[in-house]
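Submitted below is the structure of interest, expressed as structure tokens.
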Amino acid sequence: MAVQARKTTTVTSTTTTTSTTVEKKIDAQVGKTWGRDRDVSFGTILISLGILVLSPIWVMYTYISCNGFDCAMSGPALEVYNNPDHLEALKALLIRELPRFSPYATRLWFTWLLFQAALYAFLPAAIGYGQRTPAGHILPYKVNGLLAWFISHAIYAVGGLYMGWWDLNIIQANWGGLLIAANMYGYFLTFFCYFKARFFPSHAADRKFSGSFIYDLLMGIEFNPRIGKYFDFKLFHNGRPGIVAWTMINLSFAAAQYQKIGYVTNSMILLNLLHATYVLDFFYNEDWYLRTIDIAHDHFGFYLAWGDSVWLPWLYTLQSHYLLRNPVDLTPLQFGLIFSVGYLGYFIFRSVNHQKDIVRSTNGECMIWGKPAKVIRTQFVTSDGKTHKSLLLCSGYWGLSRHFNYVGDLLISLAMCMTCGTKHLLPYFYIIYMTILLLHRIQRDHTRCKGKYGKYWEEYMRVVPYKLIPYVY
Ligand code: NDP
């Protein structure tokens with residue numbers, strides 16, 4: 001530990017010798033305001049409008065591609081393009097393929113939502129704590145997702161396999177009606193949270209108003225909308241109706257594949273395995289998730305409210321929709337390769353995130369890769385004027401690049417897509433989306449951390465110059 005202390009001092013003292021002009025400039029940023037942007041440009045508002053309009057259209061487009069064209073992404077576009085009367089063709093396509101409102105699927109979806117809410121509220125839970133918010137709060141969270149996941153899946157399996165309450169393909173069979181129901185809820189939640197933020201916020205000082213209705217609707221105003229002390233909208237909606245459903249949706253599509261072709265392909269099994277590993281990891285480490293950007297930085301608007309209700313369950317599971325229509329039998333070599341890429345990615349993902357968590361929870365007093373952790377000790381100011389301490393790890397994986405955990409995530413995502421072979425682009429949407437999301441997130445995180453840590457972040461960037469891949473980017 002003595003060595004660790006010496007190393008820490010070395011890095012910190014380097015910080016203090018940074019040029020004074022730079023220091024003054026950066027010091028001024030610390031404490032001014034950090035967290036999500038307040039002032040947004042006209043360009044940002046236009047992009048926000050684009051996301052609000054195009055995201056639901058894209059989800060519908062993928063639904064139509066899978067339902068009517070066996071997941072060929074070009075299918076709907078070509079049908080409209082090849083018809084001389086494009087408008088008439090579009091109308092006919094929409095009438096034929098758009099999902100329909102179904103009272104049964106709507107009941108199913110809302111029962112699911114309420115069931116998850118009851119599990120979240122009433123199951124025994126450990127209490128975890130998030131990062132300090134820009135207004136200085138440290139909020140408690142109920143951590144009981146793993147139990148909720150097991151109970152939900154056990155009921156789904158027992159009800160389908162032994163009790164005859166439903167067919168295991170129930171989700172796949174009602175996919176269109178569920179999509180309508182999830183949209184209804186996603187939009188309701190977005191507007192509800194917009195008005196809640198304005199008129200009865202949970203933590204008024206942690207709201208961010210941008211001055212743009214569109215941006216606020218998309219990115220949210222309230223940081224941690226809650227009902228009571230513990231019912232946290234962000235953790236609940238991302239974790240429960242969204243991520244618990246993820247693995248169940250895949251299982252339902254696997255069941256449908258079995259009914260369609262008489263067996264479940266090894267590609268579908270591998271996909272289920274990879275997704276289940278990712279989801280179970282999330283719940284096993286739910287306490288860690290409280291300190292990730294989703295919880296520690298994002299406000300709750302359309303992006304998370306509609307995103308968790310619709311975008312995540314419909315688009316993150318696209319590969320199983322594809323494999324139902326296009327069964328792929330992997331050769332042992334292909335299976336082995338995809339398995340290795342996926343689990344190498346998972347190993348990196350988990351190890352990197354674990355290093356950050358362990359260094360923060362031990363206040364830097366730990367070993368990383370057999371050596372005392374190298375950290376930069378930082379200070380930051382919250383909007384109540386108080387100064388707090390934190391630290392940035394700059395050895396181990398966190399010495400290789402500032403976001404090496406994203407490399408792991410990208411490898412897992414790639415493996416999930418590779419289970420679908422190479423005939424179509426649509427199942428590769430996930431890796432394309434994750435790449436864009438994570439590259440953009442690197443930029444967002446940089447802006448946030450620079451605002452929060454000022455000169456200490458500059459120092460960290462000097463010690464760890466690469467953003468993602470060492471010597472490349
Ligand atoms: P990180 O877990 O990397 O969190 C970034 C935050 O960690 C920063 O804002 C900062 O917050 C803190 N931090 C940054 N550098 C250091 C350091 N050197 N030492 C200690 N703390 C540091 O990012 P995300 O929250 O984006 O991602 C978490 C995981 O979730 C990743 O593995 C990612 O791939 C995955 N993910 C998955 C998604 C999906 O949809 N499947 C979507 C997004 C992410 P502070 O100092 O304020 O604590």
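Read the figures in this text as sums done on the coordinates, not as results from a lab. Only a predicted model underlies this, so the values are computations on that prediction, with no experimental measurement involved. No Cβ is skipped: glycine too gets one built from the backbone with ideal geometry, and neighbour counts run over all protein chains shown.
By how many nm would the segment from Ala126 to Asp39 grow when fully extended, if each residue of separation counts as 0.36 nm and the alpha-carbon distance is taken off?
Extra length available between Ala126 and Asp39 comes to 27.5 nm.
Looking at the calculated P(r) for the range 378-473, what percent of the C-alpha pair distances fall above 19 Å?
Cα-Cα pairs of the range 378-473 separated by over 19 Å account for 52 percent.
Hey, how many Å between the Cα centroid of the range 291-324 and the Cα centroid of the range 433-451?
Using only Cα atoms, the two centres lie 17 Å from each other.
If I model the range 198-253 as equal point scatterers sitting on the Cα atoms and use the Debye formula, what is log10 I(q)/I(0) at q = 0.14, 0.16, 0.17 Å⁻¹?
Ignoring solvent entirely, the Cα scatterers give -0.52, -0.62, -0.67.
On each of the three principal axes of the Cα atoms of the range 226-290, give max minus min coordinate, whole Å, ordered largest first.
Ordered largest first, the range 226-290 gives principal extents of 49, 20, 10 Å.
If you place +1 on the Cβ of every Lys and Arg, -1 on the Cβ of every Asp and Glu, and leave all else neutral, what size is the dipole of the range 235-312 about its Cα centre, to the nearest 20 Debye?
Using only the charged Cβ atoms, the result is roughly 320 debye.
Just tell me, in residue order, which DSSP H segments of the chain are both 30 angstrom or longer along the helix axis (alpha-carbon based) and at least -0.5 in mean Kyte-Doolittle hydropathy.
42-69, 175-199, 332-361, 429-453
Tell me the Kirkwood radius of the chain: reciprocal of the mean inverse pair distance over distinct alpha-carbon atoms, in Å.
24.0 Å
Sticking with this structure for a sec: Tell me, what does the Kirkwood hydrodynamic radius of the range 300-365 come to in angstroms if you use every pair of distinct C-alpha atoms?
One decimal place: 15.5 Å for the Kirkwood radius.
Using helices alone, what [θ] at 222 nm do you get for the chain, with -39,500 (n - 2.57) per DSSP H run of 4 or more residues, divided over all residues and rounded to the nearest 500?
So the calculated ellipticity at 222 nm is -20000 deg cm²/dmol.
Moving on. Length gain on complete extension for the stretch Asp384 to Arg444, per 0.36 nm per residue less the alpha carbon to alpha carbon distance?
Extending this stretch completely gives an extra 19.3 nm.
Can you tell me what percent of all Cα-Cα pairs in the range 226-344 are more than 23 Å apart?
39 percent
Running Debye on the range 70-215 with equal point scatterers at the Cα sites and no solvent, what base-10 log of I(q)/I(0) appears at q = 0.10 Å⁻¹?
For the range 70-215 at q = 0.10 Å⁻¹, log10 I(q)/I(0) is -0.64.
Please find the FRET efficiency linking Phe335 to Ile293, where r is the Cβ-Cβ separation and R0 is fixed at 25 Å, and quote it to the nearest 0.05.
0.15
Can you tell me what percent of all Cα-Cα pairs in the range 41-81 are more than 17 Å apart?
Percent of Cα pairs beyond 17 Å in the range 41-81: 43.
Across all directions of projection, what mean area in square nanometres is found for the Cα convex hull of the range 154-229?
Value for the range 154-229: 7.5 nm².
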